[in-house]
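Chemist: Questions regarding the structure given below will be posed in turn.
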Amino acid sequence: MDDIRSQIKFGTDGWRGIIADNFTFQNVRIVSQAIADYYKGRLSSGEIVFAVGYDTRFLSKEFAHTVSEVLSQNGIKVLLSDKYLPTPAVSLAVKRFKASAGIVITASHNPSSYNGIKIKTSSGGAAGSEVTSEVEKLLSPYRARGKGTGLVAYRDFVNDYVKFLRSYVDLKLLKKAKFKILVDTMHGSGDGLISEILKGSSIRIEFARREYNPSFGGCQPEPIPENLGPSMSKMKKGRFNIGLVLDGDADRIAALAPDGEFISPQKILALLILHLKQDRGMKGAVVKTICGSRVLDKIAGDLGVEMFETPVGFKYISELMNTRDVLVGGEEAGGIGFKNYIPERDGTLAGLMLLEMMAYRGKSIDKIIADMEKKYGRYYYVKDSIALRQTGSFDIDGFKNTDMVIGRKVVERKDFDGVKLILDNDSWIMIRGSGTEPIIRVYAESKSLKEARRLLEYGKSLVK
């Protein structure tokens, strides 16, 4: 029993493991049974319905069928996607079909050797620890599966997803836009859906890494600069107005400027706050995670918008979107969620909102960023990761109680997820353990790139 629970641990966004190591068909059956037991114990009356989907990873389809089989044998009705699809499309399906919950087979941005299971609540949002911790308690290799007469029915979730996004964006405005865009789907489940959403518009779309490839071309499907070299080069040569990059399951986004420069998710979230508030005239609060940029606080303050700050993990943003009037919420890794949708992130919709902002303002994305930075200042956001196998120790208390960092005075400390030290010149540094991978992350931000890098190196030097 203890061995099973050491192999199966839910992190900030589901359970992830290495295929054929701890992520096996047997362990997937064990997790599926525990999920079935959890929901059967809490939904004792009425029909229990699950929406199940999967991404483009190796064996994802087969794992999804295994999950569906176990749920079905427990008398649970399963609506199974008839093709691979973005994670937010499953969340939307949960909401549309009024399902009890959803399951997605994906390891998001992790290397191709990984796969995983994400649980979605009845609202379509990410399941929090109040669910996953209880599921972990029910893990058992000995628990027999039920012999119910559950039904597995195939559904086309993608059509509803495309239809909804077409209704969400200002298609009338976008149809007039003369943009040329590059979309890099990193061989993930984002596929070519953006062309379906923009059908009928004058926007010219060119794709990169759209082909189905479970190994992701030997590259981790995470939209960070070190994984985007070919697309950056293509941007410089192709006269594109913007590049949009989706991660493996298309719930996260990054972007590229016309000259190929990387536009960080922090800047994207800042831009979208401005767009939704100023261009669309929408109302609501803004949510960022503890490692979010200071520019977000400045924009929220200037616009008179309430700002919430959460631990890392979109499930915390999801919870607020379910209980508060949230306009937009985003995490540092590029997951952004929107009002009047699902309490979950969507990379494709975030990209469409950037296009819409460009159309509203009649400016290129680099000009819009320049306008934003002229008013709110330019912040340099950097981060790095250190594999746990390379580390020995880290004195978290010593770091937390530090009074000076590279000659700057510490003026505020936050420790509700890792430790973040805010300095007297509006710079900051943060160190925390990842909830999805065996790594320690170091973050830093400053109005000076040189200082941001010094802070980053200082943080890395503490992880010995």
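Chemist: To the nearest 20 Debye, how big is the dipole of the chain about its Cα centre, given +1 on the beta carbon of each Lys and Arg and -1 on that of each Asp and Glu? Walk me through the intermediate numbers first.
Modeler: Values: 69 positive and 56 negative charges, 230 e Å.
Roughly 1100 debye for the chain.
Chemist: Beta carbons within 10 angstrom, averaged per residue: use that to sort the peptides 425-432, 294-301, 395-402, 184-191, highest first. Before the final figure, lay out each step's value.
Modeler: Details: 425-432: 21.5, 294-301: 19.0, 395-402: 13.8, 184-191: 27.8.
Going by the mean number of other Cβ atoms within 10 Å, highest first, we get 184-191, 425-432, 294-301, 395-402.
Chemist: Could you do me a favour and compute the accessible area per residue for the chain, 1.4 Å probe, result in Å²?
Modeler: Details: 18160 Å² over 464 residues.
It amounts to 39 Å² per residue over the chain.
Chemist: Could you work out how far the C-alpha centroid of region 166-225 sits from that of region 1-49, in angstrom?
Modeler: 33
Chemist: Further question on the same structure: Where Lys and Arg each count +1 and Asp and Glu each count -1, what net charge lies around Glu306 among other residues with Cβ under 15 Å from its Cβ? Spell out each step's value before the answer.
Modeler: On the way: positive: Lys277, Lys283, Lys288, Lys298, Arg324, Lys339; negative: Asp297, Asp302, Glu309, Asp325.
Here the count lands on +2.
Chemist: May I pose another question? May I ask you to evaluate 6.51 cos²θ - 1.76 cosθ + 1.60, the Karplus curve with θ = phi - 60°, for each residue of region 449-458 and list the ³J(HN,Hα) values in order in whole Hz, giving x for glycine and proline?
Modeler: 4, 4, 5, 4, 5, 5, 4, 4, 5, 4
Chemist: On to the next question. In square angstrom, rounded to the nearest 10, how much accessible surface does Tyr376 have for a 1.4 Å probe?
Modeler: Counting only protein heavy atoms, Tyr376 exposes about 20 Å² to solvent.
Chemist: Okay, moving on. How much accessible surface area, in Å² rounded to 10, belongs to the heavy atoms of Ser167 with a 1.4 Å probe?
Modeler: For Ser167, the solvent-accessible surface is approximately 80 Å².
Chemist: Next question, about the same structure. Go ahead and run the numbers for FRET between Ser133 and Asp259, Cβ-Cβ distance against an R0 of 60 Å, rounding to 0.05.
Modeler: The pair Ser133/Asp259 has a calculated efficiency of 0.80.
Chemist: Collect residues whose amide H, placed 1.01 Å from N in the peptide plane, falls under 5 Å from the amide H of Asp184; neighbours closer than 5 in sequence don't count.
Modeler: Distant-sequence amide H within range of Asp184: Ala208, Leu244, Val245, Leu246.
Chemist: Still on this structure, I have one more. In the chain, what % of DSSP beta bridges are antiparallel (nearest 5)?
Modeler: Numbers: 45 of 76 bridges.
Restricted to the chain, the bridges split so that about 60 percent are antiparallel.
Chemist: Continuing with the same structure: How much accessible surface does His65 have with a 1.4 Å probe, in Å² rounded to 10?
Modeler: Roll a 1.4 Å probe over it and His65 shows about 60 Å².
Chemist: When only Cα pairs under 8 Å and 6 or more residues apart are kept, what is the percent relative contact order across the chain? Don't skip to the answer; put the middle values down first.
Modeler: Values: 998 pairs, mean separation 60.3, N = 464.
Over the chain, the number comes to 13 percent.
Chemist: Now for a separate question. Treating the Cα atoms of region 198-352 as identical point scatterers in vacuum, please give the log10 of the normalised Debye intensity I(q)/I(0) at q = 0.09, 0.10, 0.11 Å⁻¹, two decimals.
Modeler: -0.30, -0.37, -0.45
Chemist: Over 22 Å between C-alpha atoms is what I'm after, so list which of Lys420/Lys450; Lys40/Lys120; Lys236/Lys460 land there. Mind dumping the intermediate values first?
Modeler: On the way: Lys420/Lys450 19 Å; Lys40/Lys120 16 Å; Lys236/Lys460 33 Å.
Over 22 Å apart, Cα to Cα: Lys236/Lys460.
Chemist: Follow-up question, since we're still on this one. Can you work out the Karplus-derived ³J(HN,Hα) for every residue in region 292-304? Use 6.51 cos²θ - 1.76 cosθ + 1.60 with θ = phi - 60°, whole Hz, and x for glycine or proline.
Modeler: Once rounded to whole Hz, the list reads x, 5, 5, 4, 5, 5, 5, 5, 4, x, 5, 8, x.
Chemist: Turning to a different aspect of this structure: From Cα coordinates alone, what are the radius of gyration and Dmax values for region 1-129 in angstrom?
Modeler: 13.4, 41
Chemist: Please compute the alpha carbon radius of gyration of region 100-258, then divide it by the globular-protein estimate 2.2 N^0.38 Å. Two decimals is fine. Intermediate results must be reported in sequence, preceding the final value.
Modeler: Details: Rg = 19.2 Å, N = 159, 2.2 N^0.38 = 15.1 Å.
Region 100-258 yields a ratio of 1.27.
Chemist: Assuming R0 = 25 Å, can you tell me the calculated FRET efficiency for the pair Phe308 and Val411, based on Cβ-Cβ distance, to the nearest 0.05? Numbers along the way, then the final one.
Modeler: Working: r = 21 Å, r/R0 = 0.85.
It comes out at approximately 0.70.
Chemist: Output wanted: per-residue J couplings in Hz (rounded whole) for region 102-110, from phi through Karplus 6.51 cos²θ - 1.76 cosθ + 1.60, θ = phi - 60°, x for Gly and Pro.
Modeler: x, 9, 10, 8, 6, 10, 6, 9, 5
Chemist: So how long is each side of region 322-464 along the principal axes, counting just the alpha-carbon atoms, biggest first, in Å?
Modeler: 49, 33, 29
Chemist: Tell me the label-point distance for the pair Lys172, Phe25, using the 7 Å Cα-to-Cβ offset, in nm and rounded to one decimal.
Modeler: Taking the simple label geometry, Lys172 and Phe25 are separated by 5.4 nm.
Chemist: Still on this structure, please answer the following. Along the three principal axes, how long is region 68-130 when you take its alpha carbons, biggest first, rounded to the nearest angstrom?
Modeler: 34, 27, 24
Chemist: Rule-of-thumb check for region 293-349: C-alpha Rg over 2.2 N^0.38 Å?
Modeler: Values: Rg = 11.0 Å, N = 57, 2.2 N^0.38 = 10.2 Å.
Normalised Rg, Cα atoms only: 1.07.
Chemist: Report, in deg cm²/dmol and to the nearest 500, the calculated mean residue ellipticity at 222 nm for the chain, where each DSSP H run with n ≥ 4 adds -39500 (n - 2.57) and the sum is divided by the residue count.
Modeler: Details: 16 runs with 164 residues, N = 464.
Value at 222 nm, helices only: -10500 deg cm²/dmol.
Chemist: Could you work out how far the C-alpha centroid of region 433-463 sits from that of region 237-308, in angstrom?
Modeler: Centre-to-centre (Cα) distance: 21 Å.
Chemist: Kirkwood Rh, Cα Rg: Rg to Rh for the chain? Please list the in-between numbers first.
Modeler: Values: Rg = 21.8 Å, Rh = 22.7 Å.
In the chain, Rg relative to Rh is 0.96.
Chemist: Listed highest first by mean packing, meaning other Cβ atoms within 10 Å per residue, what order do 364-373, 407-416, 215-224 come in?
Modeler: Numbers: 364-373: 16.7, 407-416: 13.2, 215-224: 18.8.
Ranked from most to least packed, the peptides come out as 215-224, 364-373, 407-416.
Chemist: Using only the Cα atoms, what convex hull volume per residue in Å³ does region 302-395 have?
Modeler: Numbers: hull volume 16.5 nm³, N = 94.
Per-residue hull volume (Cα only) is 176 Å³.
The values are calculated or read from the model by the stated rules, or taken from the named source; none is laboratory data. The model shown is predicted, which means the values in this text are computed figures rather than measured ones. Note that we place each Cβ from the backbone using ideal geometry, even for glycine, and neighbour counts take in every protein chain shown. Ligands, DNA and RNA are stripped out before the accessible areas are found, and what is left, the full protein with its side chains, is counted by its heavy atoms. Shrake-Rupley method; radii C 1.70, N 1.55, O 1.52, S 1.80 Å.
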